[in-house]
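Worksheet: the structure to be examined is printed underneath.
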Amino acid sequence: MSAGLVLGARVAAAQTTCSVSGASGKCSPNVVLNNPGTMINPALLTLTVTPTSSSLSPLSVTATMSDMDIAAGVATPTPVSFTVQANRAWSVQLSGATATWTATAGGWASKPLSDLRWSLSSTGATTAMSLTPATVTSGAATGGSLATTVYLRPAVHWATDKPGTYTIGVQFTITSP
């Protein structure tokens with residue numbers, strides 16, 4: 001008596017076959033998917049700012065007229081640095097958080113935001129801070145930009161800036177065009 005076994009294979013419509021010839025032992029079928037894999041790559045933007053809080057350089061006890069420079073701000077600026085990581089073009093903008101400084105301990109409650117001055121140089125001309133964002137710098141896609149330093153200086157007025165504690169928020173914003 002003889003027994004026989006018959007094996008059958010059924011090829012589905014989505015299958016592909018591959019045969020090996022030669023000694024390489026490799027098989028590379030050509031596969032076409034009806035629904036190929038999809039990856040959505042969003043705008044990846046990272047802005048790192050240091051320090052995240054800082055006391056502005058205080059006036060010395062022997063403040064002189066040159067320390068009270070309304071146009072440029074106090075002589076010694078406070079540096080704030082930032083770096084960028086982005087997979088596309090980017091720009092960093094700077095603006096004030098509120099229209100006036102918060103004043104305590106007897107300070108002038110109406111000190112305007114524009115009394116905070118900024119520049120990209122530790123000396124020389126400065127720009128008045130505004131609620132309208134100003135572009136500080138921009139660049140192309142990068143795995144890590146060199147640090148950019150912004151120098152902040154409060155402008156101090158003899159007649160209106162009463163003794164007290166003044167606080168103002170600064171916003172750094174990264175955008176992608």
Report whether or not Y151 is among the aromatic types (F, W, Y), surrounded by 18 or more Cβ atoms within 10 Å (Cβ to Cβ) and more than 23 Å from the chain's Cα centre (by Cα).
-> no
Options S130, S138, S121; residue that is among the hydroxyl-bearing types (S, T, Y), in a loop (DSSP other than H, G, I, E, B), surrounded by 12 or more Cβ atoms within 10 Å (Cβ to Cβ) and modelled with pLDDT of 90 or more | S130
State whether one or more residues within segment 166-173 are within 20 Å of T48 (Cα to Cα), part of a strand (DSSP E or B) and of a type in the set (V, I, T).
-> yes
Of residues in segment 99-117 being part of a loop (DSSP other than H, G, I, E, B) and either hydrophobic (A, V, I, L, M, F, W, C) or touching a Gly at 6+ places or on another chain (Cβ under 7 Å) (or both), the one modelled with the highest pLDDT = A99
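The values are calculated or read from the model by the stated rules, or taken from the named source; none is laboratory data. None of the values given here were measured: they were computed from a predicted structure. No Cβ is skipped: glycine too gets one built from the backbone with ideal geometry, and neighbour counts run over all protein chains shown.
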